[in-house]
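Colleague: One structure coming up, written as C-alpha cells, with questions to follow.
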Amino acid sequence: MREQVTINDLTIDRELHDFVVSEALPGTGVDAATFWSGFANIIHDLGPKNRALLAKRDALQSQIDEWYKAKRPTGYTMTEYREFLSSIGYLLPEGPKFAVSTTNVDPEIAVVAGPQLVVPVMNARYALNAANARWGSLYDALYGTDAISDDDGASKTKEYNPIRGAKVIAWARNFLNNSAPLASGEWGSVSKLTAVNNVLLVTNSAGQTGLTDPLQFVGYKGDAAAPTSILIAKAHVPQDEDGRVFMARIWNDGFEKLKGRRVEISGSQLHATSGAFASFQRGENACAENLTT
C-alpha cells in the first residue's frame, strides 16, 4: 500500500503531499499549513454536496435508461421526450434573464480561448488542434457504442462488464493485427514490448518478433526496456487504379446531443456499416444505404 499522510482529516498520498509542499507551494506566498487547512475546508464543505449531486445524476440516468427501454419497441416523438425529461426534473422551466461578468475569474476562463467546437477543415492547424482536443480512448469508444454487440452476456451495464471488456480488447488487438501486423504471431498474445536501437521488439506466443514493417514504429514513452506506451504510424497506401475502395458516410451513430449530453437514439448505422466493411474485406459485395465501393 502506498504511504499516506493525514492532515485536517484528509488522507493524502505521500507523493502528492510532497509535491504540493516542496514544488507547488514555494514562491506562491501560501504556506503548507494554510493551504491544507483551506483545502480541507473545501473538501468537507463541498464533498457531501458533490456526492448528493452524483447520486441525483445516477437516479436521473437510471430513469432515462428505463424510459428508453420502454420506448424502444414503439419509438417516441421529441415532444414526448421533452415532457418526460421535464417530469423527472431533468429539464427545468426557463428562469429570468441574467448577466455574467468575468470579474475575479481565472484567465483560463475569462480570456484564454478554449478548443474550437467547429473548425474549417481547410486550415490544417485548426483541424489538428480540434483533433487533439478530442483525443480519446478507442476502448471507451468501442465499449460505449454498438460497435461491440450485446450478445453472449456482453451488454452495457451500470458497472463494468468484463465480458464486454474482453470483446473490446479482442476487437482492438485484431485492429492492430490488420493495421500493424507482426512478422510472427498476433497482438493478442503479446506479453512484452521492448525498444532497442529504435526498433520495436515484441514477445508473444511465437517468441520474439517485430513489426512486419519496422518503419511503422515511431517512438515510445518511458523506459526502453519496458515502455509505458508506444507510437505506431500507418501511412496512406496509394490506391491502384483498378483497386476497390470502401467509403461510408455515417450520420447516425446511435446517439444525439441533448443539453450537452449524448443520449441514445434508434437507427444507428454503425453495426450495418461494420458488417458491410467485413463483407468488403472478404471480397464479397457490400451493400448499405450510406456507402460506396
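The values are calculated or read from the model by the stated rules, or taken from the named source; none is laboratory data. This structure is a prediction, so every number in the text was calculated from the model and none was measured. Neighbour counts are summed over all protein chains in view; Cβ atoms, including those assigned to glycine, are modelled from backbone coordinates with ideal geometry. Please note that ligands, DNA and RNA were not included when accessible areas were found on the heavy atoms of the full protein model with its side chains. Shrake-Rupley method; radii C 1.70, N 1.55, O 1.52, S 1.80 Å.
Colleague: Along the charge dipole of region 32-76, pointing to its positive end and built from +1/-1 on Cβ of Lys, Arg, Asp and Glu, which listed residue (Pro48, Pro73, Gln63) has its Cα farthest out?
Modeller: Toward the positive end, the furthest listed residue is Pro73.
Colleague: When the accessible area of region 11-69 is split by element with a 1.4 Å probe, what percent falls to carbon and sulfur?
Modeller: That fraction is 59 percent.
Colleague: Could you give the length gained by full extension between Val199 and Ser155, i.e. 0.36 nm per residue of separation minus their alpha carbon distance, to one decimal place?
Modeller: 11.9 nm
Colleague: What does the charge dipole of region 1-116 about its Cα centre add up to, to the nearest 20 debye, if the Cβ of each Lys and Arg holds +1 and the Cβ of each Asp and Glu holds -1?
Modeller: Result for region 1-116 is approximately 700 debye, rounded to the nearest 20.
Colleague: Whose amide H sits under 5 Å from the amide H of Asn161, counting only residues 5 or more places off or on another chain, with H placed in the peptide plane?
Modeller: none
Colleague: Net charge within 12 Å of His17 by Cβ-Cβ distance, Lys/Arg positive one each and Asp/Glu negative one each, not counting His17 itself?
Modeller: -3
Colleague: What's the FRET efficiency of Lys234 with Gln4 using the Cβ-Cβ distance as r and R₀ = 45 Å, to the nearest 0.05?
Modeller: 0.55
Colleague: May I ask you to derive the FRET efficiency for Asp58 and Leu25 from their Cβ-Cβ distance with R0 = 35 Å, giving the value to the nearest 0.05?
Modeller: Rounded to the nearest 0.05, the efficiency is 0.45.
Colleague: Just to confirm, what accessible area per residue do you get for region 136-188 at 1.4 Å probe, in whole Å²?
Modeller: 59
Colleague: Per residue, how much accessible surface does region 23-65 expose to a 1.4 Å probe? Answer in Å², no decimals.
Modeller: I get 70 Å² per residue for this part.
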